[in-house]
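Trainee: The structure under discussion is supplied below as structure tokens; questions concerning it will follow.
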Amino acid sequence: MKALSLLSGGLDSILAARTVMEQGIEVIGLCFVTPFFGPEPARKAAGQLGIKLIEHDFTGDYFEMMKNPRYGFGGNMNPCIDCHGMMLRTAHGLLEKHEASFLITGEVLGERPMSQTKGGLNAVLKLSADRDLILRPLSAKLLAPSKPEREGWVDREKLYDFSGRGRKRQEELAKKFGIKDYPQPAGGCLLTEPNYSTRLKELLKHEGLVRRDVELLAAGRHFRIAPDLKLAVGRNKAENEVLLKLAGEGDLVIRPDHHIKGPVGLLRGRPDEAGLALALQIVARYCDVKIDEKLSLNIYSGKDQMKTQETMKPAEQEVNGYMI
Ligand code: SF4
């Protein structure tokens, strides 16, 4: 008997997988990948549990769902019910390929305001392909028995009746299992972050959901220079490197001369003269020179330096209005 366990890498998903493993069932971890959430926490969790991990990128379908999620968004741009339903539906489609008989999720009744109320859990089930094959070990005793329980594949008596937002029982169970290293709840999904959500909404109004533009949202300060022109400016060395990696065809990279400390700017769109001049000023705003001081900025297309242009560092208020 094998089961596929949705593994976000959070404590609930670790405990749910481990609870079923305790019953002698082989568990394979499954995590989903989009520009909004990545596989790193799940990799760590799978390593801790000693199980194989499948990483499934479903960005294209996810973007489609984001255009009009049936159950709407949560406090930010997080369509949690549709997201969970989609994960379960996709996971169901992977059962046969991995010779698994049922699915495991770490959902806890009443833990989250949107997707984990009784209505929310039912809505998630409605969106999934076969609700009967989904086992929620942490709240199973509060829910109708699923097929794995009715058929005796798992012992329902050894499952749990966790509910509510408190973490005490999860922490006790983690202790019992000797699990010490786990992330704090609600981390890891950019869609739950207010600032990120603001940028994403702004992107939807202009470029729409295009993967390379969505990927850019995760790094730097962002500025809308014109409806079809956007600038991202790195806030530190790590972000500068990310921006350099993300610079693709048609993008311009703006950097100060090597003797001046300053950020990388990534300009995306079709800049006219005024648009480019404004982008240079914004990059200059974060360079280590005095206000109104002249400096040279290099402009690259791909790896080729196109030109060097002079600009002047503006006062903060002159460019802040462009920040998203
Ligand atoms: S927090 Fe993010 S990953 Fe989790 S269900 Fe909500 S939208 Fe999906």
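The values are calculated or read from the model by the stated rules, or taken from the named source; none is laboratory data. It should be emphasised that the depicted structure is a prediction, and the values quoted were computed from it without experimental measurement. For neighbour counting, all protein chains shown are included, and Cβ atoms are generated from backbone atoms with ideal geometry for every residue, glycine included.
Trainee: Given (1) over 14 Å from residue 216 (Cα atoms); (2) part of a strand (DSSP E or B), where does residue 266 come up short, assuming only one miss?
Mentor: (1)
Trainee: Follow-up. Name the one entry in 297, 252 that is within 19 Å of residue 232 (Cβ to Cβ), more than 29 Å from the chain's Cα centre (by Cα) and at pLDDT 95 or above.
Mentor: Working: 252 fails: more than 29 Å from the chain's Cα centre (by Cα).
Step by step, each of 297, 252 is checked, and only 297 is within 19 Å of residue 232 (Cβ to Cβ), more than 29 Å from the chain's Cα centre (by Cα) and at pLDDT 95 or above.
Trainee: Ok, one more. Are there helices (runs of 4 or more DSSP H) fully within the stretch 187-248 with at least 2 residues that are assigned by TED's automatic domain parsing to the domain that holds residue 281 and loosely packed, with under 15 Cβ neighbours inside 10 Å? List them.
Mentor: Values: elements: 194-205, 211-216, 237-246.
Answer list for the stretch 187-248: 237-246.
Trainee: Taking the stretch 86-105 as the region of interest, how many residues are within 16 Å of the ligand (Cβ to nearest atom), surrounded by 24 or more Cβ atoms within 10 Å (Cβ to Cβ) and not β-branched (Val, Ile, Thr)?
Mentor: Number satisfying all stated conditions: 2.
Trainee: Inspect all residues belonging to the stretch 244-255 and state whether any of them is touching a residue at least 40 places away in the same chain (Cβ under 8 Å) and over 17 Å from residue 213 (Cβ atoms).
Mentor: The answer is yes; a qualifying residue exists.
Trainee: Related question: Can you find even one residue in the stretch 261-273 that is among the β-branched types (Val, Ile, Thr), over 19 Å from residue 309 (Cβ atoms) and in contact with a Gly (Cβ under 8 Å, 6 or more places away or on another chain)? Let's see the steps before the verdict.
Mentor: Step one: filter the stretch 261-273 for residues among the β-branched types (Val, Ile, Thr), giving 264.
After this cut, where a residue has to be over 19 Å from residue 309 (Cβ atoms) as well, the list is none.
Looking for residues that are among the β-branched types (Val, Ile, Thr), over 19 Å from residue 309 (Cβ atoms) and in contact with a Gly (Cβ under 8 Å, 6 or more places away or on another chain), one finds none in the stretch 261-273, hence no.
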